[in-house]
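Q: Once you've had a glance at the structure underneath, I'll fire off some questions.
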Amino acid sequence: MQILDIAILTIAAFFTSAITAVAGSGGGAALMAIMLQVMPPAAAIPVHGAVHLVSNVTRCWLLWRHMSWPIIIRFALPLPFGAALGIWLFQGLSTEIVQLLIGGFVLLSLVSGSRGWRGDNELPLWSFLPVGFAAGILNMIVGAIAPILGVFVIRRDLKKENVVATLGFFGVVSNIAKIAGFTFIGFSYQSYGIAVLCMIPAVIVGTRVGRLALDKINERIFLIIFRIILLALGLKLILVDGLALI
């Protein structure tokens, strides 16, 4: 990779992590969209997984006592099987189709913070089995699905700390499966080693800076600007990088 590309990805990792710390979600989807501007999906998805694995492990370590294990176990058990199917499907998709799908999920993340589309109904615990399987498939193809999963985990019996911790463990399991799956089909992380080594500390520092800035910025204005940026990135992936090249 070129030095300029690595610099862009490092800066993006910092700012998108800070964004997640302020907005609660969406930073991972934004980082994925930015990474696709400098690398193909076959590299962006596994590198994104390696970078965010560190972030999610840190979150789990800090919030270990807040894990919702009944949900986690049901989610994690079928996820590897979904991941195996997902990596098989990924290999049959063109770069343009993958960019279209990721762009769609980036746009979907703009409205995923609300559970209004499913009303006040909460998922029964058994339903996290198919959710985990589906997450395994999608995680291999679009890479960043945390905002979507957050909708399912928001429940009356869980506090904010429980939701954040449980989603963090979802991320750990998903990213390990992603790393294993792409390694199995021959992806070489060594080729992007410098970028990963630069992005990991940027993610950690960005999260810390975002937490410190949380009380010092106008959250409403910030979220409006962030959603406009996310909308632009999603539309570019769909209209310019996807449909225009099919």
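Q: Evaluate segment 196-218: report whether one residue or more is over 13 Å from SER17 (Cβ atoms), modelled with pLDDT of 90 or more and loosely packed, with under 15 Cβ neighbours inside 10 Å.
A: yes
Q: Same structure again: Of all residues in segment 151-189, which are part of a loop (DSSP other than H, G, I, E, B), without any contact (Cβ under 8 Å) to a residue 40 or more places away in the chain and farther than 25 Å from ILE200 by Cβ?
A: ILE154, ARG155, ARG156, ASP157
Q: Within segment 1-31, how many residues turn out to be closer than 19 Å to LEU138 by Cα and modelled with pLDDT of 85 or more?
A: The number of residues fulfilling the criteria is 1.
Q: Where in segment 1-100 are there helices (runs of 4 or more DSSP H), lying fully within it, with 2 or more residues that are surrounded by fewer than 22 Cβ atoms within 10 Å (Cβ to Cβ), out of contact with any strand residue (DSSP E or B) (no Cβ under 8 Å at 6 or more places or on another chain) and not hydrophobic (A, V, I, L, M, F, W, C)?
A: Fully inside segment 1-100 and qualifying: 3-23, 41-62, 69-76, 79-91.
Q: Within segment 87-107, how many residues are more than 25 Å from GLY27 (Cβ to Cβ) and among the aromatic types (Phe, Trp, Tyr)?
A: Going through segment 87-107 one residue at a time, the tally reaches 1.
The values are calculated or read from the model by the stated rules, or taken from the named source; none is laboratory data. Values in this document were obtained by computation on a predicted structure and should not be read as measured data. Don't worry about glycine lacking a Cβ; one is built from the backbone with ideal geometry, like all the others, and counts go over all protein chains shown.
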